[in-house]
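Following: one structure in structure tokens, then a few remarks.
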Amino acid sequence: MKYQLADGQSADAQGLPLLAVAVPKQAQKALPEALRDYDARAGGALARLFTSGDFTGARDDTAMVYLDGEATRRLLLVGTGKPEDVSRTSVRRAAAIAGRRAKALGTGSVAFAMPAALRGSLGAGDLGQVAVEGMAQGSWQFDELKTKGNDNNNEKKPPVGAITVVVDAAEQQEAAAGFAIGRAMAEGQALARRLQFLPPNRCTPGFLAETAQELGTRHAFAVTVLDRAQIEQEGMGALLAVAQGSETEPRFVTIEYRGAGDAQPVALVGKGITFDTGGISIKPAQAMEDMKYDMSGAAAVLGALEIVGRLKPKLNVVGVIPSADNMPSGRAIRPADVVKSHFGKFIEIVNTDAEGRLILADALSYVRRFKPACVLDAATLTGAALFVTGHVATPIMGNDEALLDEVRKAGERAGERCWPLPMYDEFRELNKSDIADVKNSGGRPAGTITAGWFLREFVDGYPWVHLDVAGTAYTESDSPPLAKGPAGVPTRLFAEFLLARAG
């Protein structure tokens, strides 16, 4: 992807196949003063759109104008909603809609502008960042496994290969700082989404490890990969229990970035189940193909580290990825088995489909050796999360109220909202085992919270927050800003958290 920051005059000079202009909802049917120049270039077409009421600026409202004799051939108006609701999130959404339109039209590039007079308190730096993030999100596509020239392949239009943010010349310097962040965010999000979308016979635990090593080579990270024998030597009995039913070898990956000397690192932990059949407690066949997304937490960690490598913030970061397949076989773990975790606690297996929490338990124990300032883990952990916040927000839990608030605010900045759930002691009681220290499922009631409580059993000596992204990591249907498929959540949240910590 090519990224450009341009002022209006230079954008006109180079020509743009599609320029999107974000506009908040108008109280009256009249052309906003800030769009007078655009209207002149459109021969009065914009004024007619507003006075007719065909375009109002309501959220997701769009209108396309084709320009005669202009270097810029298409002008797309995109509504952001009420003026008081103009924000990073609403403008990012408008930019994503522009990106989706460019992809559908096959324009090859897309540009985005929002005049300062229409932005309210949103500064040029924020505009530069979220416009890039949104256009990259909307225009992203995965076609590397489609053969060219195949008559059954309708994806014949060229992909979007260039993104431009247009601002006034006076705002160039301020916009450039946000633009650089947005470009890094876009690349990290794209990496996470690609990993999510790859089929499980390609995106294996070994492939995730190779991706981490490639990141290490490009960004000078220290990367350690443990194979099965080394995982056994480390005593990660919970991870090994999940992996034992599959012929695919497990991996345990750590990635270290040092940007702040000997300071305590922030640790990011991501669930890396590259395919989840449910094991002996096998899932229904319907939609089982979506279980390739069960490594979305790991993808987000790798995406966040791509962003870290590009921006080089002044803090230390450790990424931890436990990875395996969960398969049924003659060697697979069974309900009623008891395994010993890395932490030393014994776990009764009552449901082999509650496997993500098992591999995370060993990772949350292992990460203690880094003496982290805090730990965030992300996992497509429970289907129950869909009944809590649906596909709109990510449920979060933790042992530190200040850290929970810090994560929630990072999610607001990232456009990846989250909401804390209570961890009352009564929920912990549901995980009690008659035979071991803890069982790996507390049953259906409060399933998201009891899964969080299970993880908390293996957290020791550091502030911690768990993000259950089962409802937000990918989407099963199209929405105006996002096509069906991988969303990359919580890649941007992780990055916003780290950038804020770095100051």
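The values are calculated or read from the model by the stated rules, or taken from the named source; none is laboratory data. Treat the numbers as computed from the prediction; the structure is a model and nothing was measured. Glycine gets a Cβ as well: all are built from the backbone with ideal geometry, and neighbour counts include every protein chain shown. What goes into the accessible areas is simple: the full protein's heavy atoms, side chains included, and nothing from ligands, DNA or RNA. Shrake-Rupley method; radii C 1.70, N 1.55, O 1.52, S 1.80 Å.
Taking a straight line from the alpha carbon of Lys157, these lysines sit under 24 Å away, with near neighbours fewer than eight places off in the same chain left out: Lys2, Lys103, Lys146, Lys148, Lys484. Compared with the alpha-carbon gap, the fully stretched path from Asp168 to Thr147 is longer by 3.3 nm at 0.36 nm per residue. In whole angstrom, how far apart do the alpha carbon centroids of the stretch 317-361 and the stretch 425-498 sit? Answer, in whole Å: 15.
Computing Rg and the Kirkwood Rh from the Cα coordinates of the stretch 1-64 gives a ratio, Rg/Rh, of 1.00. Just read off the accessible area of Tyr257 with the full protein assembly in place, 1.4 Å probe, to the nearest 10 Å². We get 20 Å² for Tyr257. Distant-in-sequence amide contacts of Ser246, defined by a placed amide H-H separation under 5 Å and a gap of 5 or more residues or a different chain, comprise Met327. Distance between the modelled labels on His219 and Ile282, one decimal in nanometres: 4.0 nm (7 Å Cα→Cβ projection).
When the Cα atoms of the chain are aligned to their principal axes, the ranges along those axes come out at 78, 52, 44 Å in descending order.
Counting only lysines at least 8 places from Lys345 when in the same chain, those with an alpha carbon closer than 19 Å to its own are Lys432, Lys439. Helix hunt in the chain: which complete DSSP H runs extend at least 27 Å axially by C-alpha with mean Kyte-Doolittle at least -0.5? Span-like helices, by this rule, are 172-197.
Of all beta bridges DSSP finds with both residues in the chain, what is the antiparallel percent, to the nearest 5? Don't skip to the end; give the middle numbers.
Numbers: 27 of 69 bridges.
Counting DSSP beta bridges with both partners in the chain, the antiparallel share is about 40 percent.
So what's the back-of-envelope 222 nm ellipticity for the chain, counting only DSSP H runs of four-plus at -39500 (n - 2.57) apiece and dividing by all residues, rounded to 500? Don't jump to the answer; show the numbers that get you there.
Details: 16 runs with 182 residues, N = 503.
That calculation yields -11000 deg cm²/dmol at 222 nm.
Out of all DSSP beta bridges with both ends in the stretch 384-503, state the antiparallel percent to the nearest 5. Each step should come with its number before you reach the end.
On the way: 6 of 9 bridges.
Rounded to the nearest five, the antiparallel share is 65 percent.
Using a Förster radius of 45 Å, what is the FRET efficiency between Asp227 and Glu70 based on their Cβ-Cβ separation? Nearest 0.05, please. Don't skip to the end; give the middle numbers.
On the way: r = 59 Å, r/R0 = 1.32.
Calculated value: 0.15.
Multiplying the residue separation of Glu426 and Asp7 by 0.36 nm and subtracting their alpha-carbon distance yields 145.0 nm.
Karplus-based coupling profile of the stretch 71-78, in residue order and whole Hz: 4, 7, 8, 10, 10, 10, 8, 10, with θ = phi - 60° in 6.51 cos²θ - 1.76 cosθ + 1.60 and x standing for Gly or Pro.
Using Cα positions and a limit of under 19 Å, work out the aspartates and glutamates in reach of Lys156, with same-chain residues fewer than 8 apart set aside. Output for Lys156: Asp143, Glu144. For the listed peptides 186-194, 82-90, 310-318, a ranking on the average number of other beta carbons within 10 Å per residue, highest first, reads 186-194, 310-318, 82-90. With the cut-off at 1.5 for a/c, could you classify the stretch 356-503 from its C-alpha gyration tensor as rounded, prolate or oblate? Oblate. Sorted on the mean count of surrounding Cβ atoms within 10 Å across their residues, most packed first, peptides 491-502, 325-336, 93-104, 296-307 read 296-307, 93-104, 491-502, 325-336.
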